[in-house]
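A short write-up of the structure that comes next.
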Amino acid sequence: MTITLYELAGADRSLRFAPHCWKTKLALVHKQLSHKTEPVWFTEKEKFAVSEQPLLPVITDGDKVVSDSWTIAEYLEAKYPDAPSLFANDKAKTKAESFHLWVSTVLSKHIPGILILDLYNILSDQDQQYFRRTREEKIGKTLEEFAATPEQHIQGLQAELDYVRELLATNNYLGGDKPDYSDICLLGTFLWIATSGITEFLENDDVVYAWYQRMLSDYSEVIPKSVVASALS
């Protein structure tokens, strides 16, 4: 039975932007697992109510329902051990789990300040109301006030990426000689930026940019052609 991935979408339902959803989609592609996707707006939580929780991504695999990108990765690895592995070994899995947490908390904290208005503008009308209300309650200021100093957030993102530059100093991928789930985590986060706005944050001579080009090429079958063309041109 085909796996179904429920993922956040913009007003244009073909536009998928959420980083954790990207991680799951890339994991499915990496493991070469047949799947279909179901676009979901922020205000359509009833579509995945079977998961009994409010966040995406969610997958259904027959009668099995799994949420949370890391939990889904573990599930796919255990359920489909003969498919290409997300983790070369237990050590690589431990490293990927730590990197996943770092990307989701330390690195990603800088991105809303860069993208928040771009994100708002790609949403449906009903999602815009939900997004503005929930985000402004959380940050304690208007979206416009929060987005007033994008340079500060870009500088913070660049500083955090020094850690990634160190990891890539002697390898083409975070996983070594080929990508693993650590690479998927970072690519999913970069695709959050690339699919939500037009902000350029990597210089062409940056080792992270070279890695990004390789990853876009490796997973090009599932990445929007406009993103691939822009980065690989």
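The values are calculated or read from the model by the stated rules, or taken from the named source; none is laboratory data. On a predicted model such as this, the values are computed, not experimentally measured, just so you know. Here the Cβ positions follow ideal geometry from the backbone for every residue, glycine too, while neighbour counts run over all protein chains shown.
Tabulated data
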{"quantity": "Residue list for region 61-90, filter: in contact (Cβ under 8 Å) with a residue 40 or more places away in the chain, under 18 Å from Ala18 (Cα atoms) and in contact with a strand residue (DSSP E or B) (Cβ under 8 Å, 6 or more places away or on another chain)", "calculated": "Ile72"}
{"quantity": "Helices (runs of 4 or more DSSP H) contained in region 16-125 and holding at least 2 residues at pLDDT 95 or above and small (Gly, Ala, Ser)", "calculated": "69-79, 90-102"}
{"quantity": "Unmet requirement for Asn204, which otherwise passes all of (1) within 18 Å of Gln158 (Cβ to Cβ); (2) touching a helix residue (DSSP H, G or I) at 6+ places or on another chain (Cβ under 8 Å)", "calculated": "(2)"}
{"quantity": "Qualifying residue in region 20-37 (condition: over 28 Å from Pro81 (Cβ atoms), in contact with a Lys or Arg (Cβ under 8 Å, 6 or more places away or on another chain) and not assigned by TED's automatic domain parsing to the domain that holds Lys178)", "calculated": "no"}
{"quantity": "Of residues in region 20-36 being more than 15 Å from the chain's Cα centre (by Cα) and not small (Gly, Ala, Ser), the one surrounded by the most Cβ atoms within 10 Å (Cβ to Cβ)", "calculated": "Lys31"}
{"quantity": "Only listed residue being among the aromatic types (Phe, Trp, Tyr), assigned by TED's automatic domain parsing to the domain that holds Cys21 and over 14 Å from the mean Cα position of the chain (by Cα), chosen from Tyr120, Tyr75", "calculated": "Tyr75"}
{"quantity": "Residue in region 127-145 that is surrounded by 18 or more Cβ atoms within 10 Å (Cβ to Cβ), closer than 14 Å to Trp192 by Cα, within 21 Å of the chain's Cα centre (by Cα) and not aliphatic (A, V, I, L, M) present", "calculated": "no"}
{"quantity": "Selection from region 95-126 of residues that are surrounded by 18 or more Cβ atoms within 10 Å (Cβ to Cβ), under 14 Å from Leu15 (Cβ atoms) and among the hydroxyl-bearing types (Ser, Thr, Tyr)", "calculated": "Ser124"}
{"quantity": "Single match in Gln158, Gln152, Gln213 (criterion: more than 25 Å from Leu15 (Cβ to Cβ), in a helix (DSSP H, G or I), of a type outside the set (A, V, I, L, M, F, W, C) and within 20 Å of the chain's Cα centre (by Cα))", "calculated": "Gln158"}
{"quantity": "Search result, residues across region 155-174 that are out of contact with any helix residue (DSSP H, G or I) (no Cβ under 6 Å at 6 or more places or on another chain) and not polar (S, T, N, Q)", "calculated": "Ala159, Asp162, Tyr163, Glu166, Leu167, Ala169"}
{"quantity": "Residue satisfying condition, being under 28 Å from Pro54 (Cβ atoms) and touching a Ser or Thr at 6+ places or on another chain (Cβ under 8 Å), within set Ile154, Ile223, Ile193, Ile116", "calculated": "Ile193"}
{"quantity": "Out of Phe17, Phe48, sole residue that is more than 25 Å from Met215 (Cα to Cα) and of a type in the set (Phe, Trp, Tyr)", "calculated": "Phe48"}
